[in-house]
Amino acid sequence: MKVLARDDMATEFMPFWNAVDAGHLSFPVCRTCDRFHWYPLNLCPYCRGQDIAWSEVSGPGELYSWTVVRHAFDPEFWDQIPYIVALVVFPDAPGIRLVTNLIDVAPEKLSFGIAVTPAFDARNAADDPLRFRIVSA
Amino acid sequence: MKLDVAIVGVAETPPMRRSDKGVRGLVIDSVLAALDDAGIAPDEVDGIVTDSMIMPTTVPHDYVAAQLGINSRFDAAISMGGAGIVCAPLQAALAIQNGLADVVISYFGVDWGTRAAGPYGFHDVYPAKKVFEKPYGFNAQPAYFALWARRYMLEYGLTERQLGSVAVHQRRHALLNGGGQMTTPLSMEDYLSSKLISDPLRVPDCCQITDGAGAFVMTSGRRARDCRKRPVYAKGVGFGSVPITGDAVFTQNPELLVIPGAKAAAGDAFTMAGVGANDIDFAEIYDCFTISCLMQLEDMGLCEKGEAGAFFEAGEAGLGGKMPVNTHGGLLSYSYRLGIEHLVEAVRQLRGEAGAAQVVGAEMGLVSGLATPDFGVLVLGGENTR
């Protein structure tokens, strides 16, 4: 499934995808209290600060939880099941948990805390989502 | 606040996957049957309370009032889905005890068995979901709760068999009830060999999908004594929530493995009722999934954190156990109408009308309603508890 067209999404969601287009992963952080939040909001949900910056994540993320979806709840996913939905956390963006897919890996290879990294090269168009791969040892 | 309101009539349409009646017709059927159960005429109703998110867009109050000839003096809505259903008696009590209404009805119905997007469609109201989740096929409740379940297994040592014991016990209750959607037995072996939907959740870990409705009638404790059936009293109602949006709650809640609002709602309900967890004879828990049933029992203080799986596995949640849970089979095996069936079943238990699944000596029951990030808890007492 494609990511919603930029014009159709809330303005506070756009910086994430603009950064992805540029090959970066970045998340909203409050300049007043220094806390990250997700999903993007106009006010910091912790201190109501309005000065929200976007901070680039440098290193790989860690696998926090995952599921192998084996049923096409939305018919659009018939040709993709089974697929892996992962929840990824980042040491340099505490408080963020990113939903993504893991590609090029068998579910049996997964375990809690393994390193995963964004697969920018697997995106073919601006409306492709950003999937992840495990970091090979 | 001390509650003095009783549930004097309950009804539901028969649980089924698909009905050709339409959700409005199903709701009207259930409201009329609940009024008949109470022995109260439709034109005596002067108040309506429902959830504030689903019913107002599908079976609005004005439609029900017009169909039944209700001259409403009080009209209110609270929370959404399951949490709204169990919190409705709070608003009814506020109206009845302050002289704003005499007879208040509440109802809930869904047609998610026949509607194309089923239970998944209403999540489109959440803007972040379309941008950050649906493109990855993270688009349905089984996948959301699967992420919780896997992490929960790591942190609390929950086993596959413990998850399965929830499904197995509740199926047993559904067969005793006899009126639910699931009519075939489920053994642990059946569970362990059943189809995975979204690992680690299997088909029997997920609730039914249902077309149907239920309704209940409330009035003052005083008037309740003159109604057709034994009154059941609303002893305590609690509402809890946390400041997080409906699209972020499944993945971003800082305490991801704690049911939002459950502790606060249970605390308020117990305080209002003047009882503790040990006084609860049976519980009807919003078991949209096996995992969420376990987490609610723990976060409401009915089990220690991490121990609800063992509670089920030891048979303590079955009939004859310490605290029978989901005595009709629950959302897993009876029907999924977001918990209106739980409230109806709790009233039947406290009246002694639960047949083969009757909890002997049931005097105090608890009903929970989950609608993340909202949570509702209702403590009900039998006629000797007024």
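The values are calculated or read from the model by the stated rules, or taken from the named source; none is laboratory data. All figures in this text were calculated on a predicted structure; none of them were measured in a lab. So basically every Cβ, Gly included, is an ideal-geometry build from the backbone, and we count neighbours across all protein chains shown. The area values use the complete protein model at the heavy-atom level, side chains included, leaving out ligands, DNA and RNA. Shrake-Rupley method; radii C 1.70, N 1.55, O 1.52, S 1.80 Å.
Quick look at the values:
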read-out: Unique match (being crowded, with 24+ Cβ neighbours inside 10 Å and in contact with a Cys (Cβ under 6 Å, 6 or more places away or on another chain)) among B:LEU332, B:LEU370; value: B:LEU332
read-out: Selected residue (criterion: farthest from the other protein chains (Cβ to nearest Cβ)) from residues of the range B:97-112 that are buried (at least 20 other Cβ atoms within 10 Å of the Cβ) and more than 18 Å from B:VAL10 (Cα to Cα); value: B:ALA101
read-out: Scope the range B:148-186; condition of a type in the set (S, T, N, Q) and open to solvent by 60 Å² or more (accessible area, probe 1.4 Å); matching residues; value: B:THR183, B:THR184
read-out: Which listed residue, of A:PRO94, A:PRO75, is open to solvent by 60 Å² or more (accessible area, probe 1.4 Å), within 11 Å of chain B (Cβ to nearest Cβ) and at pLDDT below 95; value: A:PRO75
read-out: Residue in the range B:132-147 that is most open to solvent (accessible area, probe 1.4 Å), counting only those that are more than 22 Å from B:ALA83 (Cα to Cα) and part of a helix (DSSP H, G or I); value: B:LYS134
read-out: Residues (at the interface with chain A (Cβ under 7 Å from one of its Cβ atoms), open to solvent by less than 10 Å² (accessible area, probe 1.4 Å) and touching a residue at least 40 places away in the same chain (Cβ under 8 Å)) located in the range B:114-131; value: B:ALA128
read-out: Complete set of residues in the range B:36-50 that are touching a Gly at 6+ places or on another chain (Cβ under 8 Å) and either hydroxyl-bearing (Ser, Thr, Tyr) or crowded, with 23+ Cβ neighbours inside 10 Å (or both); value: B:ALA38, B:THR50
read-out: Considering residues of the range A:26-62 that are of a type in the set (Val, Ile, Thr) and part of a loop (DSSP other than H, G, I, E, B) only, the residue least open to solvent (accessible area, probe 1.4 Å); value: A:VAL57
read-out: Tally of residues being touching a residue at least 60 places away in the same chain (Cβ under 8 Å) and either hydroxyl-bearing (Ser, Thr, Tyr) or assigned to a helix (DSSP H, G or I) (or both) across the range B:89-113; value: 8
read-out: Some residue of the range B:150-158 being within 11 Å of another protein chain (Cβ to nearest Cβ), within 17 Å of the chain's Cα centre (by Cα) and either touching a residue at least 12 places away in the same chain (Cβ under 8 Å) or closer than 23 Å to B:LYS305 by Cβ (or both); value: no
read-out: Tally of residues being aliphatic (A, V, I, L, M), more than 14 Å from chain A (Cβ to nearest Cβ) and open to solvent by 20 Å² or more (accessible area, probe 1.4 Å) across the range B:231-272; value: 3
read-out: Count of the range A:1-25 residues which are in a loop (DSSP other than H, G, I, E, B) and within 9 Å of another protein chain (Cβ to nearest Cβ); value: 6
read-out: Residues located in the range B:187-215, provided they are in contact with a Gly (Cβ under 9 Å, 6 or more places away or on another chain) and surrounded by 22 or more Cβ atoms within 10 Å (Cβ to Cβ); value: B:TYR191, B:ARG202, B:PRO204, B:ASP205, B:CYS207, B:GLN208, B:THR210, B:ASP211, B:GLY212, B:ALA213, B:GLY214, B:ALA215
read-out: Candidate set from the range B:251-269 (those that are assigned to a helix (DSSP H, G or I) and of a type in the set (A, V, I, L, M, F, W, C)); member that is farthest from the chain's Cα centre (by Cα); value: B:ALA264
read-out: Enumerated helices (runs of 4 or more DSSP H) restricted to the range B:9-68, each holding at least 3 residues that are under 23 Å from B:LEU331 (Cα atoms) and β-branched (Val, Ile, Thr); value: B:23-38
read-out: A:THR67 in a strand (DSSP E or B) and farther than 20 Å from B:TYR152 by Cα; value: no
read-out: Residue within the range B:339-358 that is open to solvent by less than 10 Å² (accessible area, probe 1.4 Å) and either part of a loop (DSSP other than H, G, I, E, B) or modelled with pLDDT under 95 (or both) present; value: yes
read-out: The listed residue being of a type in the set (A, V, I, L, M) and surrounded by fewer than 16 Cβ atoms within 10 Å (Cβ to Cβ), out of B:MET53, B:MET1; value: B:MET1
